[in-house]
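A.B. asks: This is the structure I have questions about; it appears just below.
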Amino acid sequence: MVGAAFGEVAATVDPALHGQVGAFAVVGMGAVFAGSTRAPITAGIMLFELTGDHALVLPVVVAVVIATAVSKVLARDTVYTLKLSRRGVDLTDSALAVRRSSGRTAGGAARPLGPVVSRAASAADALAALESGGGAPVVVLDADGHFAGVVSARSAGDAVLTDVEFAARPVTDVLSDVVPVRSDAGLDTVVQDVVDASDTAGLPVVDEDGRPVGWLGQADALRALVLAR
């Protein structure tokens with residue numbers, strides 16, 4: 001409608017444009033579509049297929065590019081992403097979300113440490129700690145309080161199934177293959193490692209001296225990223 005109205009005004013200024021109101025309406029239609037979807041190439045192709053008029057290619061291209069640029073300045077969402085944004089799913093500012101999350105550290109997102117046993121403990125002690133902690137991974141510490149490993153339900157279960165003398169084995173024989181994350185590490189740099197830690201559903205967080213200061217679960221990391229937005 002705006003395109004047709006502009007065509008009427010243009011025809012009064014330049015009589016040579018009289019009778020081309022429909023062409024102005026088509027260009028306006030492409031501009032509205034491109035601005036609302038931010039898909040200028042799609043808009044141009046659709047209008048060319050709709051009209052088959054080569055003369056409209058240049059004005060359509062100019063209109064859709066301008067409309068897309070103006071739309072980007074006025075709004076961060078398109079008609080496709082607005083509904084998702086209202087549900088908390090952001091597909092338009094992933095780079096901004098990463099910059100915001102980079103200010104958060106693994107230590108800041110970690111929860112308090114769960115069950116802990118010493119490196120001198122037996123596998124049976126680790127199993128008891130697993131049971132008392134509701135299946136939460138057990139962090140193993142050496143004599144100086146430094147991180148020595150993690151016993152998960154899966155690593156303990158594998159050992160129980162393969163060794164009838166499981167209870168007498170040292171706890172170091174049933175450790176999971178886990179690499180801790182530093183407490184000062186950016187959350188965005190470690191979240192993938194945390195999500196990939198399927199055996200333990202998270203990773204231990206250690207300070208600069210290698211002493212555990214918390215546990216960063218998969219849900220903890222994802223929740224912190226969401227809050228960072």
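Any read-out appearing in this document is the output of simple, stated calculations on the displayed coordinates, not a laboratory observation. This structure is a prediction, so every number in the text was calculated from the model and none was measured. When we count neighbours, we look across all protein chains shown, and the Cβ atoms used for this are built from the backbone with ideal geometry, even at glycine.
A.B. asks: Hey, among Val9, Val57, Val21, Val13, which residue is under 44 Å from the mean Cα position of the chain (by Cα) and of a type in the set (A, V, I, L, M)? Before the answer, list the steps.
C.D. replies: Working: Val9 fails: under 44 Å from the mean Cα position of the chain (by Cα); Val21 fails: under 44 Å from the mean Cα position of the chain (by Cα); Val13 fails: under 44 Å from the mean Cα position of the chain (by Cα).
Every option except Val57 fails the conditions.
A.B. asks: Can I ask one more? Name the residue, out of Ala159, Ala128, that is hydrophobic (A, V, I, L, M, F, W, C), surrounded by 14 or more Cβ atoms within 10 Å (Cβ to Cβ) and without any contact (Cβ under 8 Å) to a residue 24 or more places away in the chain. Break it down into steps so the answer makes sense when it comes.
C.D. replies: Details: Ala159 fails: without any contact (Cβ under 8 Å) to a residue 24 or more places away in the chain.
Just a single option satisfies the conditions, and that option is Ala128.
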